[in-house]
Amino acid sequence: MHSISEENYIKAIYHLQDGKALVSTNEIAGRMNTKASSVTDMLKKLADKNLAEYVPYKGARLTDKGVQCANQIIRKHRLWEVFLVEKLDFSWDEVHDVAEQLEHIQSQKLIDQLDKHLGFPKKDPHGDPIPDRHGNYEKTNKTILSKLKKGDKGTLIGLIDSSKNFLKYLDKQHMKLGTSIEIIEFEEFDLSYTIKVNESRLQISKQIADNLYIKLK
């Protein structure tokens, strides 16, 4: 059993690691919106529980036990997001904050039953993979839209930015997971794209293109 604060740090380190040998104290402090001294205290606690390896003045990384814990927190978060959207009619821009609270429920039986009730979903409403109870998840070949060229066609399958404002923007443009997208033009001057969304044309900025995952057809 871990505290909510410990779980939040574990998840933060997991997302920051991304192939790095160590995550710096300042990176963690920025992610958690707290002081570096508070991060150091928590890293020592996580190290004592064999959830993280802490190297003074350099940073930390999760142990295998810590990674397993992070995967289960993420699993709960994403399953609750699916439940909120599919069963309680939440929109995809409303679920993150609620799932942040629900992800700390400790009952393994509840989460396993939730997974079964939902039909063992592989992805959450934003296209992110849902780990199974063993931490395994389905991998999909995907490309960031900004790496595509004129004439490329694909399907929107995920997002890098899942903030409320970005999701509301996508709703306004009638873009959702499963939407067909074709690259019509690329403007070198401002790096913007003209894309075909279903049967409509839309001009998007590089910032938007950098945050859309496409599965090529």
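The values are calculated or read from the model by the stated rules, or taken from the named source; none is laboratory data. The structure displayed is predicted, hence computed values, not measured ones. FYI the Cβ positions are ideal-geometry reconstructions off the backbone, even for glycines, and counts take in every protein chain you see. These accessible areas exclude ligands, DNA and RNA; they are computed on the full protein's heavy atoms, side chains included. Shrake-Rupley method; radii C 1.70, N 1.55, O 1.52, S 1.80 Å.
Quick notes on this one:
- Above 15 Å, the calculated P(r) of region 1-87 contains 56 percent of its Cα-Cα pairs.
- Cα-Cα P(r), region 68-217, percent of pairs per 10 Å interval: 11, 38, 30, 17, 5, 0
- Taking all protein chains into account, the per residue accessible area for the chain stands at 57 Å² (1.4 Å probe).
- Candidate membrane-span-like segments in the chain, meaning DSSP H helices with Cα atoms spread over at least 15 Å of their own axis and a Kyte-Doolittle mean of -0.5 or above, are 4-17, 36-48, 64-88, with no membrane implied.
- The label-point distance for Lys168 and Lys139, in a model that sets each label 7 Å from Cα toward Cβ, rounds to 3.7 nm.
- Region 61-111 has equivalent-ellipsoid semi-axes of 23, 12, 8 Å, by the square roots of 5 times the alpha carbon gyration tensor eigenvalues, sorted largest first.
- Measuring nothing but protein heavy atoms, the accessible surface of the chain at 1.4 Å probe radius is 48 percent carbon and sulfur.
- Rounded to the nearest 500, the 222 nm mean residue ellipticity of the chain from helices alone is -13000 deg cm²/dmol, with -39,500 (n - 2.57) taken per DSSP H run of at least 4 residues.
- Of the peptides 43-50, 22-29, the order by per-residue mean of other Cβ atoms within 10 Å, starting with the highest, comes out as 22-29, 43-50.
- Pairs of Cα atoms nearer than 8 Å and 6+ residues apart set the relative contact order; for the chain it is 15 percent.
- Gap separating the Cα centres of region 89-142 and region 176-200, nearest whole Å: 30 Å
- Region 23-65 has equivalent-ellipsoid semi-axes of 16, 10, 9 Å, by the square roots of 5 times the alpha carbon gyration tensor eigenvalues, sorted largest first.
- Of the GluC sites (Glu not before Pro) in region 124-217, the ones in a loop by DSSP (not H, G, I, E or B) with at most 16 other beta carbons within 10 Å are Glu138, Glu188, Glu199.
- Per residue, the convex hull volume that the Cα atoms of region 1-160 enclose (Å³): 137 Å³
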